[in-house]
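Scroll down for the structure; my scribbles are underneath it.
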Amino acid sequence: MEFLVELVTNVPEGTSEATVEDTVAREAVRAAELASQGHLVRLWKPPVKPGEWRTFGLFAADDEHQLDEMLESLPLHIWMTTEPTPFAPHPNNPAAKRA
């Protein structure tokens, strides 16, 4: 099952730059792990306002429970809100017709 997830990160005021940098570095490592496992399929960065952290990710998971576990494993999750949208195959999907 695939999910499009909007991820919005809001770092609390007063958080040290060192803490932010460490958390972002750990996030990159975890994202790479999820990608190598086939769970993190794509990431997009939409236009944002200055200081806004917003990303869209395409995730593959067996179900919503597994997706929640993956999202909670992200180091930035402590500052993140997520909005997942489950996707089902569409009968007119051009990629499916090519396969």
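The values are calculated or read from the model by the stated rules, or taken from the named source; none is laboratory data. Owing to the predicted nature of the structure, the values given are computational and were not obtained by experimental measurement. Please note: Cβ atoms are built from the backbone with ideal geometry, for glycine as well, and neighbour counts cover all protein chains shown. Just the protein is used for accessible areas: all its heavy atoms, side chains included, with ligands, DNA and RNA removed. Shrake-Rupley method; radii C 1.70, N 1.55, O 1.52, S 1.80 Å.
Spin-label point model (7 Å from Cα, Cβ direction): what's the Trp79 to Arg42 distance in nm?
Each label point lies 7 Å from its Cα, and together they span 2.7 nm.
What does the accessible area of Thr85 come to, in Å² to the nearest 10, when a probe of 1.4 Å is used?
Surface accessible to solvent at Thr85 totals approximately 60 Å².
Among [x] 16.6; [y] 13.7; [z] 14.7, find the value of Kirkwood radius over Cα pairs in Å that was calculated from the structure presented, and write down its label.
Identified label for the calculated read-out: [z].
May I ask for the net charge around Trp44, where only other residues with Cβ less than 13 Å from the Cβ of Trp44 are counted and Lys, Arg are +1 while Asp, Glu are -1?
Details: positive: Arg42, Lys45, Arg54; negative: Glu6.
Surrounding charge for Trp44 is +2.
Could you tell me the calculated FRET efficiency between Glu72 and Lys49, based on Cβ-Cβ distance and R0 = 22 angstrom, to the nearest 0.05? Walk me through the numbers before you get to the answer.
Details: r = 27 Å, r/R0 = 1.21.
For Glu72 and Lys49, the calculated efficiency is 0.25.
Relative contact order for the chain: what is it in percent, counting Cα pairs under 8 Å that are at least 6 residues apart? It would help to have the intermediate numbers written out before the result.
Values: 124 pairs, mean separation 47.4, N = 99.
Once normalised by length, the contact order is 48 percent.
Rounded to the nearest 10 degrees, what's the angle between the helix 17-36 long axis and the longest principal axis of the chain, both from Cα atoms, 0 to 90?
The angle comes out near 20 degrees.
Using only helices, what value at 222 nm comes out for the chain when you add -39,500 (n - 2.57) per DSSP H run of length 4 or more and divide by the total residues, to the nearest 500 deg cm²/dmol?
Working: 3 runs with 34 residues, N = 99.
Per the formula, -10500 deg cm²/dmol.
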